[in-house]
1. A:S449 fails exactly one of the following numbered conditions: (1) hydroxyl-bearing (S, T, Y); (2) away from chain B (no Cβ under 14 Å); (3) farther than 28 Å from A:L401 by Cβ. What is the number of that condition?
2. Check whether at least one residue in region A:418-435 is surrounded by fewer than 24 Cβ atoms within 10 Å (Cβ to Cβ), of a type in the set (S, T, Y) and in contact with a Leu (Cβ under 8 Å, 6 or more places away or on another chain), and report yes or no.
3. Which residue, of B:S449, B:S494, B:S419, is out of contact with any helix residue (DSSP H, G or I) (no Cβ under 6 Å at 6 or more places or on another chain), farther than 30 Å from A:L199 by Cβ and free of Cβ contacts under 8 Å to residues at least 40 places away in the same chain?
4. Give region A:205-223 a look and list any residue that's within 18 Å of B:G536 (Cα to Cα) and within 13 Å of chain B (Cβ to nearest Cβ), or say none.
5. Of everything in region B:283-326 that's under 27 Å from the mean Cα position of the chain (by Cα) and among the aromatic types (F, W, Y), which residue is nearest to B:F353 (Cα to Cα)?
6. Just checking, does region B:527-534 include any residue being within 14 Å of chain A (Cβ to nearest Cβ), among the small types (G, A, S), in a loop (DSSP other than H, G, I, E, B) and surrounded by fewer than 19 Cβ atoms within 10 Å (Cβ to Cβ)?
7. Restrict the check to region B:503-517 and report whether at least one residue is in contact (Cβ under 8 Å) with a residue 40 or more places away in the chain, more than 8 Å from every other protein chain (Cβ to nearest Cβ), surrounded by 20 or more Cβ atoms within 10 Å (Cβ to Cβ) and part of a loop (DSSP other than H, G, I, E, B).
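The values are calculated or read from the model by the stated rules, or taken from the named source; none is laboratory data. Because the structure is predicted, anything quoted here is derived from the model rather than measured. For neighbour counting, all protein chains shown are included, and Cβ atoms are generated from backbone atoms with ideal geometry for every residue, glycine included.
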Protein chains: 2
Amino acid sequence: MSTNLLRLILLFITLSITSSLSTPSPADSPPYLWPLPAEFSFGNETLSVDPTVTLIVAGNGGGSLIIRAAFDRYMGIIFKHASGRGSLLSRIRFLKMVEYDITSLKIVVHSDSEELQLGVDESYTLMVSKKNEQSIVGAATIEANTVYGALRGLETFSQLCAFDYITKSVQIYKAPWYIQDKPRFGYRGLLIDTSRHYLPIDVIKQIIESMSFAKLNVLHWHIVDEQSFPLETPTYPNLWKGAYSRWERYTVEDASEIVRFAKMRGINVMAEVDVPGHAESWGTGYPDLWPSLSCREPLDVTKNFTFDVISGILADMRKIFPFELFHLGGDEVNTDCWKNTTHVKEWLQGRNFTTKDAYKYFVLRAQQIAISKNWTPVNWEETFSSFGKDLDPRTVIQNWLVSDICQKAVAKGFRCIFSNQGYWYLDHLDVPWEEVYNTEPLNGIEDPSLQKLVIGGEVCMWGETADTSVVLQTIWPRAAAAAERMWSTREAVSKGNITLTALPRLHYFRCLLNNRGVPAAPVDNFYARRPPLGPGSCYAQ
Amino acid sequence: MSTNLLRLILLFITLSITSSLSTPSPADSPPYLWPLPAEFSFGNETLSVDPTVTLIVAGNGGGSLIIRAAFDRYMGIIFKHASGRGSLLSRIRFLKMVEYDITSLKIVVHSDSEELQLGVDESYTLMVSKKNEQSIVGAATIEANTVYGALRGLETFSQLCAFDYITKSVQIYKAPWYIQDKPRFGYRGLLIDTSRHYLPIDVIKQIIESMSFAKLNVLHWHIVDEQSFPLETPTYPNLWKGAYSRWERYTVEDASEIVRFAKMRGINVMAEVDVPGHAESWGTGYPDLWPSLSCREPLDVTKNFTFDVISGILADMRKIFPFELFHLGGDEVNTDCWKNTTHVKEWLQGRNFTTKDAYKYFVLRAQQIAISKNWTPVNWEETFSSFGKDLDPRTVIQNWLVSDICQKAVAKGFRCIFSNQGYWYLDHLDVPWEEVYNTEPLNGIEDPSLQKLVIGGEVCMWGETADTSVVLQTIWPRAAAAAERMWSTREAVSKGNITLTALPRLHYFRCLLNNRGVPAAPVDNFYARRPPLGPGSCYAQ
């Protein structure tokens, strides 16, 4: 059953050529998977799926509520059309004993651990075959080591299922399918920014749900910035006075609910509290955090109170965010006004510190607070370019500015997250999907042991000009381009003409998102999130 | 308990002035209702609402499943925050016997009829008061003649409820409330266009759900046009070969599900099949409907087959759409190519018909088909400007082109729907909310008996440049401006400076939509659906 991947890619290219000029037809629909699995083979049978398909679980982890809930969600997605699961038509068919090819979905999960951490095993095997001599019942089987691998398999299974409008049944084309899949990178992130614009709970949930469709697995929550401080911190309750309004806030319970909702979809939430810059809003509740009224950021480096507050925030957040990574920011720190503030200037002189020394002192002290709370610190790349090996060796460097920073960071033994602004900043609307897709996190890093230090990448949805009204269509479909780059094999995404190997599938995936209620924007417009220029099919715009 | 409306408006203006330059605070939050109820009075108490608030029903219609389902929906909306209904916190509070002011919601519905037709009684009374000498338990009470009036009352109740982040409870400010409400117009529509771009079922449901928040009550479904024919018609099954693709389709069951979903929210679905123009896509499945390959619309007026197909479509649709109105289009009919098609030319000569005569013949024959199926025909205004009193007297004229067409139509005894393109076409992105709001359907019609013939108005979301990715933010918030114009009293919406009387409430309503997961666009941008220009509060953009 194993398969020659290259042959498949070539076959896929051939199929794509035939389909690239028209909307998809059943014959060429099977390879419309996004992101492309690591290995797969398929046949030429069409199988019908029973709307009352039953879930059979096995293995130590099969009984997990995460599996049961995901099965129910995906049944809702797969049998969305009214003649599907639960409808009168399906019940009549059931009574008439219509025979379906696929009557059960078996999910085998070996581990009973539901711990979701960096590098959790997301591999799975998916088999779909008709009943025949070998098997008495036709079935789909997902086998995975963890519940999170099983979730990825369920997503792939849902993408194999297509509603056929003629027979009014859900069908799987080109069976039997054998898929053996796993991600290339363990960290596949999306950043959201709830400080420049508040995003309501429901909208964050929409974003998380949509991430699971593209197998992204980390929501990087840039909670706070200079504009607003929306999260409740019980230890320093005045901080959320820095929210835009009394209604643009998250309670501790809201944040915990977001973490729970994400975990049910195999997605970690990495919180960010950006210090010492990007923190002006903190002072609305505690003006002592401002060096002076005319110098409101960076935070006051001289006071223990500043670090007490950071410690309090992190202690409160530790109860909410179980993920091992915590982001401390550290970017774009302009220390000029420290020099103009008398008591800060005196403090610097007393320690014989330059302002750069003070910036380092701040970053390192904040790192130690995070580490003391059993967190691995993540910092934006300026901390590495400024302080290099002085950073705690556990630090994960997040790239944004310089294209070869991961190359430099891993050479010094640091782990790195790739998110170059020129390609993976989603608020840069002039970056078309091809550029997002062709951006390779491992570029320039040849040594396999160093490549392993690049834990993955992240697309960043900064919020200055993206609020609730446009956030999802600014994220999609371009985030999907990065998602495939990070999930699929480097070989699969780097060879061939992507207009043939990827574009038809991306069109299909964009329409799949639309069908699932996600307002992903047209793929073809040069500028991201532009409305369609005229009438047309979703599959061709 | 009755109230002087004018005094309230003045009070409201005063409150708005204080709040217009900052984000809302509890003191000025109570009047943030959209659309403004016909009559209301309030006090100065703050009441807490029990997260386990129970539904008590009474009256012949109280037991309706529509009420039960709506109560459950609104409880999800009102207690959205994790510390709300069903959360651990609320259960602990319950065990601790925390006393809430509002512990039950009583809904009294007098009629057991669930028929939803034009002019259905949507009036309701809503009372919210603390327990006191007069009432042993604190309660909210909605009283209505029909379940649909009760739905409107539930929406208003949900707008009175605000989550207070300090106490982490849902509160109602400025109680006791006494609201006596009813709509000014019986027809308050929104058009969607699924021919220029297919809209998935989930997206149509999102639109319907959002309509209910603004108390709109008719979804005008412009199903078919020249670009695509997405709906299944069992009698002529090849018609949906005119769909954009095999996936951009609606089954009969899908359409019925949309009608059911809308009815649960008190919203009628008016289907449109636009003839004889705007129908090119019909010929993909039945080329005989085209006069010739080079003349693909208007439909072939000469053949009985054309009218057989219309009759078949309408017979199929009658089983799906119970609403008494059915839209036959009739707009933008360019008959030039009829003259260039030999058999049509001969047919015209044989009957001594001008092409205008033939256009009329078509429109009237289509009307009779609709009437024979117990439908009231609706036609775009060109049919009236062209044929006047020759139209069936039951015809409802829909305005779009000429600003005084309703004036002329009602003068001739026709009913009319106002939807002038200069103000209420939502694809016109350069019409700001103020112009939408200030547009009065009864302008120029003074006689009360003629005013009654204007059954209402409609905002039109044409689909040429609005697909799934942008449709909701093109609709909102401007559709809300028209919704208040159509619901609230003419006095309330026509007096005063709307920057003070309406804008702060519209900001609030836009954020309410965002909080409910609807991507309504910023209010302040001149061009509709533009993203925010920079960081800021939802309540100020």
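1. (3)
2. No; the residues of region A:418-435 include none that is surrounded by fewer than 24 Cβ atoms within 10 Å (Cβ to Cβ), of a type in the set (S, T, Y) and in contact with a Leu (Cβ under 8 Å, 6 or more places away or on another chain).
3. Details: B:S494 fails: free of Cβ contacts under 8 Å to residues at least 40 places away in the same chain; B:S419 fails: free of Cβ contacts under 8 Å to residues at least 40 places away in the same chain.
Exactly one residue qualifies, and that residue is B:S449.
4. A:H222
5. Residues of region B:283-326 under 27 Å from the mean Cα position of the chain (by Cα): B:310, B:313-326.
Adding the requirement that they be among the aromatic types (F, W, Y) leaves B:321, B:323, B:326.
Working: B:F321: 35, B:F323: 35, B:F326: 28 Å.
That would be B:F326.
6. The initial filter retains those residues of region B:527-534 that are within 14 Å of chain A (Cβ to nearest Cβ), namely B:527-534.
If we keep only those that are among the small types (G, A, S) too, we end up with B:528, B:534.
Now drop any that are not in a loop (DSSP other than H, G, I, E, B), which leaves B:528, B:534.
Still in the running and surrounded by fewer than 19 Cβ atoms within 10 Å (Cβ to Cβ): B:534.
Yes - at least one qualifying residue is present in region B:527-534.
7. Within region B:503-517 (the criterion being in contact (Cβ under 8 Å) with a residue 40 or more places away in the chain, more than 8 Å from every other protein chain (Cβ to nearest Cβ), surrounded by 20 or more Cβ atoms within 10 Å (Cβ to Cβ) and part of a loop (DSSP other than H, G, I, E, B)), the answer is no, since none of the residues qualifies.
For every residue, the table says whether it meets (1) buried (at least 24 other Cβ atoms within 10 Å of the Cβ); (2) small (G, A, S); (3) on the phi > 0 side of the Ramachandran plot.
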{"residue": "B:E464", "(1), (2), (3)": "no, no, no"}
{"residue": "B:V471", "(1), (2), (3)": "yes, no, no"}
{"residue": "B:A481", "(1), (2), (3)": "yes, yes, no"}
{"residue": "B:S488", "(1), (2), (3)": "no, yes, no"}
{"residue": "B:S494", "(1), (2), (3)": "no, yes, no"}
{"residue": "B:A520", "(1), (2), (3)": "yes, yes, no"}
{"residue": "B:N525", "(1), (2), (3)": "no, no, no"}
